[in-house]
Amino acid sequence: MWTIPNLITLLRVLLIPVFVSVYFLDWKWAFAVGAFIFWLAAITDWVDGYLARKLEQSSPFGAFLDPVADKLIVSAALLMITHQYASVWITIPAIILLMREVYISALREWMSQLGASDLVAVSFIGKAKTLIQMLALIGLLAGPGLHEFINFQFYWVILGKLLLYAAAVLSIWSMVVYTIPAWKTLLAQK
């Protein structure tokens, strides 16, 4: 259970309260440092998976904890940008992304109980959604702290918003892609 990849995943979970606390500090660089901590946590997602394969340390605990850690930190970031920007144009894609995370988690649990978890295994579209979502969140988290570079801040936030919408579209697409084989499995069991 206490493998290097699992410890890195646990670190990602422990970074969540640090990330949130730093982000809301009354300090000039709080947004930038908070975004950096989120970026660091996002990188550990790739590192723990790579090390689990490379060191042959994949485990059921790691398979459980990794997606939970991802969903926790992404959910925290989505709530933070929704609060920070207080805009329906940020809230709508954030809600779509949160709904997708809950839906896919429940779908995977259900398919696992039916012995068909391979039907909802992580796909390319899911990985693309995750990458675009992480980049969007980093941009939107850092954006408010870039006041000294006004034009840079503007483009950073616009890029973050565009990526957030792209992630929301991929999110809906991936829900459909994962749901179709699950639905066929349900119909075949009747």
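Points to keep in mind about this one:
- The chain: relative contact order as a whole-number percent, Cα under 8 Å and 6+ apart: 25
- Net charge, Gly49 excluded, C-beta distance under 12 Å - Lys, Arg +1, Asp, Glu -1: 0
- In this Cβ point-charge picture (+1 for Lys and Arg, -1 for Asp and Glu), the stretch 62-190 has a dipole of about 340 debye about its Cα centre.
- Taking the accessible area of the stretch 52-98, probe 1.4 Å, and keeping the other protein chains in place, the carbon and sulfur fraction comes to 70%.
- Here the label points at Val88 and Thr179, each 7 Å from Cα along the C-beta direction, are separated by 2.4 nm in the simple model.
- Ranked by how many other beta carbons lie within 10 Å on average, peptides 160-168, 174-182 from highest: 160-168, 174-182
- Area of Ile158 that stays accessible when all protein chains are in place (1.4 Å probe, Å², to 10): 70
- Between helix 124-142 and the chain there is an angle of about 20 degrees, using the helix long axis and the longest principal axis of the Cα atoms.
- Computed with a 1.4 Å probe over protein heavy atoms only, the accessible surface of the stretch 42-116 comes to 55 Å² per residue.
The values are calculated or read from the model by the stated rules, or taken from the named source; none is laboratory data. Since the structure is predicted, the reported quantities are computational estimates derived from the model, not experimental observations. Neighbour counts run over all protein chains shown; Cβ positions are idealised from the backbone, glycine included. Ligands, DNA and RNA are stripped out before the accessible areas are found, and what is left, the full protein with its side chains, is counted by its heavy atoms. Shrake-Rupley method; radii C 1.70, N 1.55, O 1.52, S 1.80 Å.
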